[in-house]
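What follows is a short report on a single structure.
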Amino acid sequence: MIGALANRVHRAVSRGPRSLSSAYITCISWISRSLLPVPAQRRVRNAICSYGHQWPDFAFAPRRVRVGARTRIALIPHWDEFDQEALFLSALEYEVPVMCWLEDNVGATYDLVIEIGANAGLYTVFLDALMKDAPALPEGRERRIVAFEPSAEAYRRLLANLAANGTRHVAAFQAAVGEHSGLQPFFEPRQHLTNGSLLREFSENFTDRIDETIAVVVAAPELARWLSPAGRALIKIDAEGFEPTLLSAMAPLLDRHHPDLLIEVLPFTLDALNGIPALADYDKYLLLPEGPVKADRLEASGKHRDWLLRWPGH
């Protein structure tokens, strides 16, 4: 009864004057995040977002949210994107096993993180927060995050989130990383901002409405300018199906510098990834809520798809 009544109220407000619906969402956001326990926050999120209500596309201010187990960042929410959770939840429930592993390892282990496919910058600002809290390095060395994102809209949101967090360690580039430097078609499925890819066939998994643009591509060997002076490096790759091609192009860098890798493994890329010689000697760990679990080969899990690859001895 209460749920049905709330649903009718939400439908009416979403269709009402923009000023009313904006004030309503702002009020509900504050109540949910500040006063309610987590299960109630989830119910509020679902009631607002999961019943087909057509809310106006508001420009929201950043919300402070917890990611991982203990790190707080500012995140600018957007309707129908993963970051809309920040409107109603005080802690993001997004890729928690990866976030927790990074919390425990980035500050103590890495002076360089290269992020290929930064999208709107959730991980970028999170990594920067971890580096801000990390012990100082010896004089003459600095911690660095190098972020690449080819989508114009995702890159705009990335810059906005960097500004909202006052990041200190990030250099961001509106570019993809690929086999050769130059210009290359980039395919973005409409209403799927996080799934833009250099492969049309991958983007078509989400919709047949594809926007094709031209992206600047940086050749994988160019990453050596950051890897060569680094003490210990982590490369995080979320290239939406392009991972096998990219990692094959990175083979000389992997053989020379032995960076650790964080990659997403999907059925679409599984066989090709397992066939890359440059990855054969890496130790492979599936990141699960209970911690990393070692495996002999990469697998495509329906629920958990993020893998850590570490060079033996790291």
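One table, with the values for the structure above:
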| read-out | value |
| --- | --- |
| Considering residues of the range 16-48 that are of a type outside the set (Val, Ile, Thr) and open to solvent by less than 30 Å² (accessible area, probe 1.4 Å) only, the residue modelled with the lowest pLDDT | Gly16 |
| Of residues in the range 204-214 being touching a Phe, Trp or Tyr at 6+ places or on another chain (Cβ under 8 Å) and closer than 21 Å to His78 by Cα, the one surrounded by the most Cβ atoms within 10 Å (Cβ to Cβ) | Ile210 |
| Some residue of the range 200-215 being under 30 Å from Leu137 (Cβ atoms) and in contact with a strand residue (DSSP E or B) (Cβ under 7 Å, 6 or more places away or on another chain) | no |
| Answer from Pro221, Pro229, Pro252 - the residue that is closer than 30 Å to Arg141 by Cβ, out of contact with any strand residue (DSSP E or B) (no Cβ under 7 Å at 6 or more places or on another chain) and part of a loop (DSSP other than H, G, I, E, B) | Pro229 |
| Residue among Ala74, Ala59, Ala120, Ala12 that is among the aliphatic types (A, V, I, L, M) and closer than 27 Å to Phe242 by Cα | Ala120 |
| Subset of the range 261-314 (residues that are open to solvent by 50 Å² or more (accessible area, probe 1.4 Å), in a strand (DSSP E or B) and in contact (Cβ under 8 Å) with a residue 12 or more places away in the chain) | Tyr285, Pro292 |
| Among the candidates Ala230, Ala278, residue that is more than 16 Å from Val113 (Cα to Cα) and either over 23 Å from the mean Cα position of the chain (by Cα) or among the hydrophobic types (A, V, I, L, M, F, W, C) (or both) | Ala278 |
| When residues of the range 157-188 are limited to those that are out of contact with any strand residue (DSSP E or B) (no Cβ under 6 Å at 6 or more places or on another chain) and over 21 Å from Leu223 (Cβ atoms), the one surrounded by the fewest Cβ atoms within 10 Å (Cβ to Cβ) | Gly166 |
| Any hit, the range 91-103, residues being open to solvent by 30 Å² or more (accessible area, probe 1.4 Å), part of a helix (DSSP H, G or I) and under 23 Å from Gly166 (Cα atoms) | yes |
| Strands (runs of 3 or more DSSP E) (entirely within the range 115-195) containing at least 2 residues that are touching a residue at least 40 places away in the same chain (Cβ under 8 Å) and small (Gly, Ala, Ser) | 176-178 |
| Residue tally, condition touching a helix residue (DSSP H, G or I) at 6+ places or on another chain (Cβ under 6 Å) and over 18 Å from Asp83 (Cα atoms), over the range 15-46 | 2 |
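Residue-by-condition table, conditions (1) among the β-branched types (Val, Ile, Thr); (2) in contact with a Ser or Thr (Cβ under 6 Å, 6 or more places away or on another chain); (3) under 14 Å from Asp128 (Cα atoms):
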position	(1), (2), (3)
Ala154	no, no, no
Leu158	no, no, yes
Ala164	no, no, yes
Arg168	no, no, yes
Phe173	no, no, no
His180	no, no, no
Leu183	no, no, no
Phe187	no, yes, no
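To keep it simple, each residue is scored yes or no on (1) among the small types (Gly, Ala, Ser); (2) without any contact (Cβ under 8 Å) to a residue 40 or more places away in the chain; (3) part of a helix (DSSP H, G or I); (4) closer than 20 Å to Pro17 by Cα.
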{"position": "Trp55", "(1), (2), (3), (4)": "no, no, no, yes"}
{"position": "Ala59", "(1), (2), (3), (4)": "yes, yes, no, yes"}
{"position": "Ile73", "(1), (2), (3), (4)": "no, no, no, no"}
{"position": "Trp79", "(1), (2), (3), (4)": "no, yes, no, yes"}
{"position": "Asp83", "(1), (2), (3), (4)": "no, yes, yes, no"}
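The values are calculated or read from the model by the stated rules, or taken from the named source; none is laboratory data. A quick note: this is a predicted structure, and the numbers were derived from the prediction, not measured. Here the Cβ is made from the backbone with ideal geometry for all residues, glycine too, and neighbour counts use every protein chain on show. All accessible areas refer to the heavy atoms of the entire protein, side chains included, with ligands and DNA or RNA removed. Shrake-Rupley method; radii C 1.70, N 1.55, O 1.52, S 1.80 Å.
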